Amino acid sequence: MKALVYRGPGLKGLEDRPKPQIEAPGDALVKIVKTTICGTDLHILKGDVPSCAPGRVLGHEAVGVIDSVGDGVTAFRPGDRVLVSCISSCGKCDYCRRGMYSHCASGGWILGNQIDGTQAEYVRTPHADTSLYHVPEGADEEALVMLSDILPTGFECGVLNGKVSPGATVAIVGAGPIGLAALLTAQFYAPAEIIMIDLDDNRLGIARQFGATQTINSGDGKAAETVKALTGGRGADTVIEAVGIPATFELCQDLVAAGGIIANIGVHGHKVDLHLERLWSQNIAITTRLVDTVTTPMLLKTVQAKKLDPTRLITHRFRLDQILEAYDTFARAAATQALKVIISA
Ligand SMILES: NC(=O)c1ccc[n+]([C@@H]2O[C@H](COP(=O)([O-])OP(=O)(O)OC[C@H]3O[C@@H](n4cnc5c(N)ncnc54)[C@H](O)[C@@H]3O)[C@@H](O)[C@H]2O)c1
Ligand SMILES: [Zn+2]
Ligand SMILES: [Zn+2]
């Protein structure tokens, strides 16, 4: 089969690989129908994610069809259409019983990281019964690809951890797919203001269409002053970091109001300064989270009920044999105006 393989920092290629096999009773083999590329895949390619070794098939988001299942799988049968979660969970270990699937003792974020991922014709998914979801009858499968990772990530790591609440002021740094997913799902809670900050005016324009009340291009280095001016000097109650570099985490520390929360989503490859000399007295909290995907069933219902339309995040479509072009388009988003790219296998 064809597969997109990480070959070490800065290097990737489309290779011929053997079709994966069932290895454990809980496995399913899924034939990929649609997959996509995540900002995290770009972090892997930058060398920011040491757990992902060269030789790995990338990708942790997909919708597909069950090809075959191990003896222990009871919830899925060959031919079933499924949503693949970016997080694999056994459902039985201490962390899974606490709903913290991201730290499952035999799962977590392993797809496209510690085991071969979804940017291929087939993927082996461990713990299939508790890591796959049935695609509802009549569902838009491209919309569901947005539920593998980005919607639960924006919602759980950003909106829930950041305790977005009615009437609150929210600032989101980073208007990529993840920041935009946080913007869409923050609106479940009716905050008064949602301020989006990015360097890319096209993405900021999309953020306004998606419900941002203010947008700031931080290229002039004055984003913190602007947010202070917009909030009567207070700052934002919830500040969501959706980039993953030191400069943006530091900006979040300048934006947070007294009593507020900085909810980090970004995957960071470098250490960041923490300004406790200023923040110690500000009653703030900082949260970090690897997405657990515990909210996937709930988000699936909001999509089916048309309360949320994730297809708005899709800008480009490619075939699997064009995936190098898809990566190039996604990585040069400022020039190509890409958000999520759908890859059809
Ligand atoms: N915590 C998790 O479980 C989890 C899951 C998925 C993704 N992520 C991470 O979330 C982050 C966002 O993902 P994405 O797919 O939206 O990525 P992306 O690269 O598409 O978007 C990042 C955005 O940040 C903007 N940006 C870059 N430098 C900036 C700066 N100095 N100031 C303001 N804006 C700046 C870019 O213009 C871009 O719009 C990544 O770090 C990704 O790895 C985390
Ligand atoms: Zn991801
Ligand atoms: Zn577990």
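The values are calculated or read from the model by the stated rules, or taken from the named source; none is laboratory data. It should be emphasised that the depicted structure is a prediction, and the values quoted were computed from it without experimental measurement. Reconstructed Cβ throughout: ideal geometry from the backbone, glycine too, with neighbour counts over all protein chains shown. The protein model used for the area step is the full one, side chains on, heavy atoms only, and it has no ligands, DNA or RNA in it. Shrake-Rupley method; radii C 1.70, N 1.55, O 1.52, S 1.80 Å.
Scanning the stretch 70-88 for residues that are under 14 Å from residue 35 (Cα atoms), in a loop (DSSP other than H, G, I, E, B) and either without any contact (Cβ under 8 Å) to a residue 60 or more places away in the chain or of a type in the set (S, T, N, Q) (or both) gives a single hit, 85.
For the stretch 126-170, filtered to residues that are of a type in the set (Ser, Thr, Tyr) and either open to solvent by 10 Å² or more (accessible area, probe 1.4 Å) or part of a helix (DSSP H, G or I) (or both), the residue that is farthest from residue 67 (Cα to Cα) is 169.
Taking residue 94, is it in contact (Cβ under 8 Å) with a residue 60 or more places away in the chain and open to solvent by 10 Å² or more (accessible area, probe 1.4 Å)?
No.
Of all residues in the stretch 219-251, those that are touching a Pro at 6+ places or on another chain (Cβ under 9 Å) and either acidic (Asp, Glu) or within 16 Å of ligand 3 (Cβ to nearest atom) (or both) total 1. Looking across the stretch 171-191, just one residue is within 13 Å of residue 210 (Cβ to Cβ) and either open to solvent by 50 Å² or more (accessible area, probe 1.4 Å) or more than 16 Å from ligand 1 (Cβ to nearest atom) (or both), and that is 187. Restricting attention to the stretch 267-304, the residues being away from ligand 3 (no atom under 16 Å from the Cβ), closer than 13 Å to residue 157 by Cβ and at pLDDT 95 or above number 5.
Here residue 226 meets each of (1) among the β-branched types (Val, Ile, Thr); (2) touching a Ser or Thr at 6+ places or on another chain (Cβ under 7 Å); (3) open to solvent by 10 Å² or more (accessible area, probe 1.4 Å) with one exception, condition (2). Checking the stated criteria, residue 51 turns out not to satisfy the condition of being open to solvent by 30 Å² or more (accessible area, probe 1.4 Å) and more than 16 Å from ligand 1 (Cβ to nearest atom). Quick one: how many residues across the stretch 1-46 are open to solvent by less than 40 Å² (accessible area, probe 1.4 Å) and at pLDDT below 95? Count: 3.
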